[in-house]
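The values are calculated or read from the model by the stated rules, or taken from the named source; none is laboratory data. Keep in mind it's a predicted model, so treat the numbers as computed, not measured. Note: ideal-geometry Cβ built from the backbone for every residue, glycine included; neighbour counts use all protein chains shown.
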Amino acid sequence: MPSTDYDLLIIGSGFGGSVCALRAADAGLRVAVLERGRRMTPAAFEEMAEGRQPLLRSRGRGGLIDWASTRGLASVAASAVGGGSHLYTAVTVPAPPEIFDRHWPEGFDYLKLVPYYDRVAEIIAPTRVPICLPRTSVLETAGRSLGRTVTRLPLAMDWPVDTARLAGAPETIGLRREAIDWIRGGTVARKRTLDTTYLARAEAAGATIKPLHEVHLITPARGGYQVHFRRWVGGDRFDGSLIAPKVVVAAGTLSTVRLLLECRERERTLPKISASLGERFFTNGDLGALLIGSESQIGRDSGPPVTAWLDDWEANRLYIMESGLLPRMPRLVLAAMRAIGRGDRRRRHKGAHPWAFGVMGFDEEPGRLVLDSAGRLCRVSALRHVSPFVETGISRLREVADALGAVLVILPKRLLAARPTTVHPLGGAALADSPVKGVVDPFGRVFGCDGLYVADGSLLPTPVGRAPSMTIAALAEYIVERLLQRC
């Protein structure tokens, strides 16, 4: 009888965990993936669209969206088999080479990751929207007027056979169902999520996926680690544990840092984890805004949420990404939005479809993640105002709004400073050459904890500046290759 339950336990099934599961299963290891969320089948999405299942996650219930309870930070994460691939915009791009210039381990650069980016692209297979949608064309025109390039983005999507359907107006079917369609990739296209790519192949190779298993503690045991979890069945909780000589923590940035902090500080099961845990936490420059009243009068389409971004990297280390037109809003709501917006409020355009935009970029102002006296995760920062990056992002959004003849609607700066919002939390368990500078070594191993690895966005010692999913997956490809060499 084996002395352990598995050869490798993986906590989380997002862009890091799914990669590790496939490669380890292909190598013949006994692999289990512990995922706190449920499987998102077409039936599960339909239940959510009809209101028979919650959209928001709570313990024991299968909600997909986790509004993370982190003091000093507003963050959205996914809770499902396939992790963040169910909520991301499907943008699949490598990091800019310049981000590796500082704070990364010695010799760790873009060229080192190129073959691993290639592996990710081979499986996820991103492609650009097969037709040019009107909103993309309008953004390109605005970009030319601003002297900026607009890039049509590679997306992990399955397109309809009749691509002309992407340009058609979506049916008016209710806000809840429209939200589910947006999450899935649009009315007529579907995102290629990890449960259909990496994880499907991992299961075919013998990996075991365990949904609704929420890990809350890791303890040393029998030459490896015992992973303790709460399993939810019909709303009832059952406690359990599994043992393996190697464990990969890939629960997503906030959940990974929280788990490791609890193991080091509250339970003291992993006291040797570096004092750097929680340091160098970044929001990736995330900033959301709406543009209302565009002079272009663009109609809504059935395409994906995102088609393109305006490239302002060389000048300001940021991108401005369009995220689709929202459903038509009541006049009173639009009037209220104009009242708090920035721009010429005298405009009286007929367009009632707000256009969503997001900024991301290389905001190097780090925060820190800590546990408070009650054990809650908190983000703390020395800044009492918005960073220079945010100031620049707001200015660039205002320029885009002016170019489109629209009013910019964005949260007041005091709220952005007090509680920044991110959908790309990064860092807190950074790669480094020593435990003085970070939490894991250049091979993904936690300093002081032999056999314990990290493979998600918490690894990043700097922001990515772009959508980070491909970089997280490439890092996981790199780390699991070295993990297997030690098996």
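Out of curiosity, is Gly358 touching a residue at least 60 places away in the same chain (Cβ under 8 Å) and part of a loop (DSSP other than H, G, I, E, B)? No, not satisfied.
Considering the range 264-285, and only residues there that are of a type outside the set (A, V, I, L, M) and crowded, with 23+ Cβ neighbours inside 10 Å, the residue that is farthest from the chain's Cα centre (by Cα) turns out to be Ser274.
Taking the range 429-483 as the range and being among the polar types (S, T, N, Q), in contact (Cβ under 8 Å) with a residue 24 or more places away in the chain and either more than 23 Å from Asp311 (Cβ to Cβ) or touching a strand residue (DSSP E or B) at 6+ places or on another chain (Cβ under 9 Å) (or both) as the test, the residues that pass are Ser458, Thr462, Ser469. Scoring Val306 on the criteria (1) under 23 Å from Pro388 (Cβ atoms); (2) modelled with pLDDT of 95 or more; (3) in contact with a strand residue (DSSP E or B) (Cβ under 7 Å, 6 or more places away or on another chain) leaves a single failure, condition (1).
Checking the range 233-255 against the condition returns a match, with at least one residue being among the polar types (S, T, N, Q), buried (at least 23 other Cβ atoms within 10 Å of the Cβ) and within 27 Å of Phe443 (Cβ to Cβ).
Yes or no, residue by residue, for (1) of a type in the set (Phe, Trp, Tyr); (2) exposed (fewer than 14 other Cβ atoms within 10 Å of the Cβ); (3) under 27 Å from Tyr478 (Cα atoms); (4) in contact (Cβ under 8 Å) with a residue 24 or more places away in the chain:
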residue	(1), (2), (3), (4)
Ser3	no, yes, no, yes
Ser13	no, no, yes, yes
Arg30	no, no, yes, yes
Met40	no, no, no, yes
Ala44	no, no, no, no
Ala49	no, no, no, yes
Ser58	no, yes, no, no
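Listed by first and then second residue, the pairs with beta-carbon distance under 7 Å, at least 6 apart or on different chains, first residue in the range 412-428 and free of Cβ contacts under 8 Å to residues at least 40 places away in the same chain and closer than 14 Å to Glu364 by Cβ, second crowded, with 24+ Cβ neighbours inside 10 Å and of a type in the set (S, T, N, Q), form an empty list. The single residue among Ala169, Ala202, Ala179 that is among the small types (Gly, Ala, Ser), within 30 Å of Val306 (Cβ to Cβ) and in a loop (DSSP other than H, G, I, E, B) turns out to be Ala169. The residue that is farthest from Phe447 (Cα to Cα), among those in the range 94-109 that are out of contact with any helix residue (DSSP H, G or I) (no Cβ under 6 Å at 6 or more places or on another chain) and in a loop (DSSP other than H, G, I, E, B), is Pro96.
Please work out if Gly174 is over 30 Å from Ala32 (Cβ atoms) and without any contact (Cβ under 8 Å) to a residue 24 or more places away in the chain. In short, yes. Taking the criterion of being more than 27 Å from Thr471 (Cβ to Cβ), small (Gly, Ala, Ser) and touching a strand residue (DSSP E or B) at 6+ places or on another chain (Cβ under 9 Å), the residues of the range 3-57 that qualify are Ser3, Ala44. When residues in the range 369-389 are screened for being of a type outside the set (Lys, Arg) and in a strand (DSSP E or B), 6 of them pass. Say whether the condition of being within 29 Å of Ser296 (Cα to Cα), assigned to a helix (DSSP H, G or I), out of contact with any Cys (no Cβ under 6 Å at 6 or more places or on another chain) and acidic (Asp, Glu) is met by at least one residue in the range 133-140. Yes: one or more hits.
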